[in-house]
Every structure is written in structure tokens, then in C-alpha cells.
Amino acid sequence: MGRAAAIRPLREVPAWDDEADVVVVGLGAAGACAALEASSAGADTLILERASGGGGTSALSTGQIYLGGGTPIQEKCGFEDSPDEMYAYLMASCGPGADEPKIRLFCDDCVEHFHWLVAQGVPFKESFYGDGSYTPTDDCLSYSGSELAHPYRDIATPAPRGHTVQQETIEAGAILMRRLLDSVKRSAARTQVDTLCETLVLDEERRVVGAVAQVEGKLRHFRARQAVILTAGGFINNTEMVERYAPLLRKCKMRLGCDGDDGRGIRMGMGAGADVIRMDTASIVLPFTVPKSQIQGVMVNRQGQRFINEDAYQTVVGEAALHGQAGQVYLIVDDAIYEKPFPPTEIAAVGETFEELERELGFAEGSLQSTLELYNRGAQRGEDPVFHKAPAHLVPLVQPPFAALDYSTETAIWAVFTMGGLRTTPDGAVLTPDGEVVSGLFAAGRTTSGLAAQGYSSGLSLADGTFFGRRAGRAAAGRVARC
């Protein structure tokens with residue numbers, strides 16, 4: 001369903017089956033961090049998880065966390081960074097509509113957050129990989145966004161900020177969650193699994209005082225003496241919500257999320273009066289950058305025109321291609337740079353000349369030819385006067401045969417997850433459309449609209465969930481009265 005979840009009035013609760021100061025709904029990265037901080041602050045904390053164990057989509061991720069401002073890994077690898085440079089990049093890349101207060105806090109406290117993760121046992125190797133959102137080695141640091149691309153390289157001094165958790169024999173996301181869940185087990189927080197939360201309980205003053213869940217086919221009621229924290233993921237696996245808020249995402253083949261990313265937490269918040277924002281935004285991965293030589297190609301639309309610099313991060317290219325070109329795009333390569341792409345996609349056309357390639361694609365006469373001729377003239381001078389592609393990726397396409405790789409949504413494996421959700425303060429308090437706080441309700445992770453609006457850089461989702469999950473946990477626990 002895509003509708004708000006109906007709330008349960010307190011007067012209709014027959015009895016409480018369990019209670020705690022803070023009730024956390026969902027045990028992915030955001031939920032684990034929220035519970036750890038709430039418990040550390042002295043709050044009796046109860047985690048309700050729908051699956052038989054924690055992890056969620058975070059455990060399925062590449063385990064890359066966007067961290068900067070001068071982390072020990074950056075320093076060991078010889079890269080200078082500062083909170084201000086990081087802030088300048090994120091404010092430019094995460095817009096329009098970037099959340100300035102959240103970004104400022106995140107950048108200022110990012111190094112402290114790195115040390116906190118390490119204290120939980122999260123391992124990071126002191127090594128630099130290079131570029132990429134996925135590191136096939138156990139190396140840590142990489143450029144995971146558009147830091148080196150126009151216009152961002154002129155706005156902020158580039159620095160690699162993708163910190164991938166050091167993996168052993170399984171994916172790094174699973175390692176991250178294993179370590180966070182171990183910390184949860186060592187804490188005083190309690191966890192109840194196989195508990196599917198359905199709605200929130202509100203008292204006569206519309207304060208959130210608990211949650212209703214299905215446990216072994218029966219309704220159970222959980223009292224939150226102080227606050228509920230919603231950390232139940234996004235909504236990419238809710239067809240009705242995607243259709244309502246972000247219909248273009250339906251065109252993408254791969255939905256990045258576990259079964260729990262069904263929007264349940266968002267709908268629970270909406271039922272309590274919460275505002276939702278940026279519901280059309282998503283991380284949209286157009287996977288054309290492996291092998292790296294493909295960045296030297298030319299991305300064009302169905303009119304044979306370039307629409308972006310190809311060295312922008314693959315999610316930025318994906319956003320421009322899906323929203324601006326309806327996902328109908330091709331990558332033009334010559335024989336000198338062509339390698340079999342990963343993941344594989346089809347070759348739409350091959351030609352010995354630009355004219356022949358254009359004709360094979362069915363483009364208007366002269367459209368592709370003029371695009372490639374203009375590109376080549378600039379590339380021969382080491383310039384891209386139209387989109388300012390970095391010289392490192394700028395080579396003329398001159399070696400026939402020429403090919404058009406089909407990166408349309410119908411053919412290529414685009415990957416997406418949602419980034420819109422509940423509107424929150426930097427401390428995770430959930431807000432109404434009028435900007436008022438929904439009393440007793442906090443949220444974090446993909447249940448909320450966090451750091452990124454558009455212009456996603458890999459690792460921002462885990463960074464957002466862990467960092468603001470911690471803040472939500474502390475804020476919720478701060479409400480607990482102690483003698």
C-alpha cells in the first residue's frame with residue numbers, strides 16, 4: 001500500500017505486552033546506531049525487527065560509508081581534507097534542496113563518527129583503492145562521487161571520501177552489520193525479532209506513545225514511555241508508493257533493497273501526521289563505468305546529443321539520463337577503448353564511420369556526426385568546451401569500428417533505491433507539514449529524507465543512517481527522566 005498507516009488511539013489498546021523508554025522500529029545500520037546511543041545514554045531500549053535477525057538492506061550493501069573532513073584513513077593515504085571542503089562539495093552536489101543544517105553537522109562531526117564506528121569494531125584498512133563505489137579488493141579509500149568532475153572540482157578541493165569496510169570472505173555490508181549487531185548484543189538494549197510493526201499508538205494529545213505489531217499472527221502492543229524511533233528502510237519495494245511518488249523508477253530493472261524496504265516506517269509516520277519530502281528522489285545507478293576506459297566514451301540521447309560530462313559519478317549520470325532522457329541513452333566508443341562492459345549490455349549498432357553508426361541507430365542525419373566531430377575537435381586539444389570533461393578521460397574517438405552500447409533502461413541493468421521520506425530535524429525529530437514536531441516520534445536512515453536530495457555519492461546512505469541514527473538515539477534518550 002502507499003497510503004498512510006491508520007494510527008491506533010491509546011484508548012483502544014487493551015494492555016501493553018512490553019514497554020521501554022525508547023522503542024526502535026527496524027534493525028539495519030540506522031536502527032543499530034540509534035539503539036546503541038539510546039542505550040548508552042541510559043534509556044531502557046527495545047528494538048523491534050520484522051525479520052529473524054538484524055541487517056536489512058545495510059547488510060546487502062557494498063559497505064561503503066562516505067566519511068571525510070580529515071579521517072585517519074585519508075591522512076594515512078596522503079590526502080588532505082577539511083570539514084569546510086567536504087561541506088562545499090556536499091552542498092553543491094546534493095542539491096537542489098540540500099539540507100544545509102544536516103550537511104553542516106555531518107561534516108563538522110564526521111571524524112568523530114569515524115572513530116565511533118571503529119570503536120564498535122568496524123574495520124577499515126589504511127589503503128587507497130582509486131575510483132569507484134565498489135572495491136573488489138579489501139582496500140578502503142576511494143573517490144566515490146563526482147569530486148574530480150566538473151563543476152565540483154572547481155567548487156571544492158577534491159578528496160576521496162568513500163570508506164569501504166574491510167571485508168573478509170563476505171561482502172563489506174555484511175561485515176559492517178555483523179560488527180554493529182555485536183555491539184548491540186553487548187549493550188543493554190533488548191531485541192525482539194519476527195515482529196512486524198504496523199502502526200503507531202497516539203494518546204489524546206496526539207503524542208506517540210507506542211507501536212502495534214504482528215507477532216506470530218497476533219497483535220501485540222509495545223509502549224514507548226518516551227519515544228519511538230522509526231528506522232525501517234525506504235520504499236523501493238512498494239509498487240504502489242513508487243508509482244505514486246517516483247514512477248520513473250519503475251523503468252529500472254534492479255531494486256536495491258530487502259523485502260523490508262516497503263515504506264512501512266514512512267507510512268507509520270504519515271499516519272501520525274508526519275510530512276514527507278523529496279519522495280521522487282533516488283540513487284539511480286547507470287552502471288557504465290566498468291571497465292574504467294568506458295568513461296572515455298561519449299554518452300548520447302536518442303537525438304544523438306551529449307547531455308552530461310561522462311566522468312560525473314554514475315549516479316549523477318543516471319539521474320540526468322532517467323529524468324532528462326527517459327532512460328534512452330547510448331555510449332559511443334571506438335575500437336581503441338572498447339572492452340566488454342560489466343555488467344554486460346547489448347551493442348545497439350556498429351559502423352565504420354560516424355555516419356554509418358548514426359544511420360544504424362536511426363538518428364536524424366547529421367545529429368550524431370556533429371556531436372562526435374565537435375567532441376573530437378576539443379579532445380584533440382585536450383578540451384571539452386561543452387561539458388568540461390576532465391582531461392584524464394578525454395580522448396578523441398578515431399579508431400574504427402565505432403559502436404553504440406545500449407544503456408537504455410529496457411536493456412541495461414540500472415539499479416535504484418529511494419531517498420525520500422519523513423522530514424526530520426538534525427536530531428531526528430519528525431516534523432509535520434507545518435514544521436511542528438510530532439511529539440514522541442523520531443526517525444533515521446532511509447525512512448527519512450537525509451543528506452542527499454539529488455547528486456548522490458556512494459556511501460552517503462550508510463553515512464546518513466549511521467550518523468543521524470546516533471543523533472536520533474541520543475535525542476530520544478534525552479527525554480528520559482532520571483532521578
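The values are calculated or read from the model by the stated rules, or taken from the named source; none is laboratory data. As the structure is a computational prediction, the values presented were derived from the model and not from experiment. Don't worry about glycine lacking a Cβ; one is built from the backbone with ideal geometry, like all the others, and counts go over all protein chains shown.
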**OP:** Examine the range 32-43 for a residue that is surrounded by 24 or more Cβ atoms within 10 Å (Cβ to Cβ) and either not assigned by TED's automatic domain parsing to the domain that holds Cys197 or not in a helix (DSSP H, G or I) (or both), and state whether such a residue exists.
**Re:** yes
**OP:** Please verify whether the range 70-79 includes one or more residues that are within 22 Å of Thr424 (Cβ to Cβ) and either assigned to a helix (DSSP H, G or I) or touching a Gly at 6+ places or on another chain (Cβ under 8 Å) (or both).
**Re:** no
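Does the range 442-451 contain any residue that is assigned to a strand (DSSP E or B) and under 17 Å from the mean Cα position of the chain (by Cα)? Give the steps one after another, and end with the answer.
Filtering the range 442-451 down to residues assigned to a strand (DSSP E or B) leaves 442-443, 448.
Now restrict to residues that are under 17 Å from the mean Cα position of the chain (by Cα): 443, 448.
Within the range 442-451, one or more residues are assigned to a strand (DSSP E or B) and under 17 Å from the mean Cα position of the chain (by Cα).
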Original post:
In the range 78-125, which residues are of a type in the set (Phe, Trp, Tyr) and within 17 Å of the chain's Cα centre (by Cα)?
Top reply: Tyr89, Phe106
Subject >> Within the range 344-366, considering residues that are out of contact with any strand residue (DSSP E or B) (no Cβ under 9 Å at 6 or more places or on another chain) and of a type outside the set (D, E, K, R), the one nearest to Ala403 (Cα to Cα) >> reply: Pro344
Subject >> Matching residues in the range 238-255 - criterion: being of a type in the set (A, V, I, L, M, F, W, C), surrounded by fewer than 21 Cβ atoms within 10 Å (Cβ to Cβ) and not in a helix (DSSP H, G or I) >> reply: Met254
Subject >> All positions within the range 417-476 that are basic (Lys, Arg) and closer than 25 Å to Trp116 by Cα >> reply: Arg446, Arg470, Arg471, Arg474
**OP:** Scan the range 310-333 for residues that are of a type outside the set (A, V, I, L, M) and crowded, with 20+ Cβ neighbours inside 10 Å and jot them down.
**Re:** Glu310, Asp311, Tyr313, Gln314, Thr315, Gly318, Glu319, Gly327, Tyr330
**OP:** Could you tell me whether any residue of the range 120-139 is more than 20 Å from Glu319 (Cβ to Cβ), in contact with a His (Cβ under 9 Å, 6 or more places away or on another chain) and at pLDDT 95 or above?
**Re:** yes
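Quick one: how many residues across the range 86-101 are touching a helix residue (DSSP H, G or I) at 6+ places or on another chain (Cβ under 9 Å) and part of a helix (DSSP H, G or I)?
Total meeting the criteria: 9.
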Subject >> Filter result for Gly269 (assigned to a loop (DSSP other than H, G, I, E, B), of a type outside the set (D, E, K, R) and surrounded by 21 or more Cβ atoms within 10 Å (Cβ to Cβ)) >> reply: no
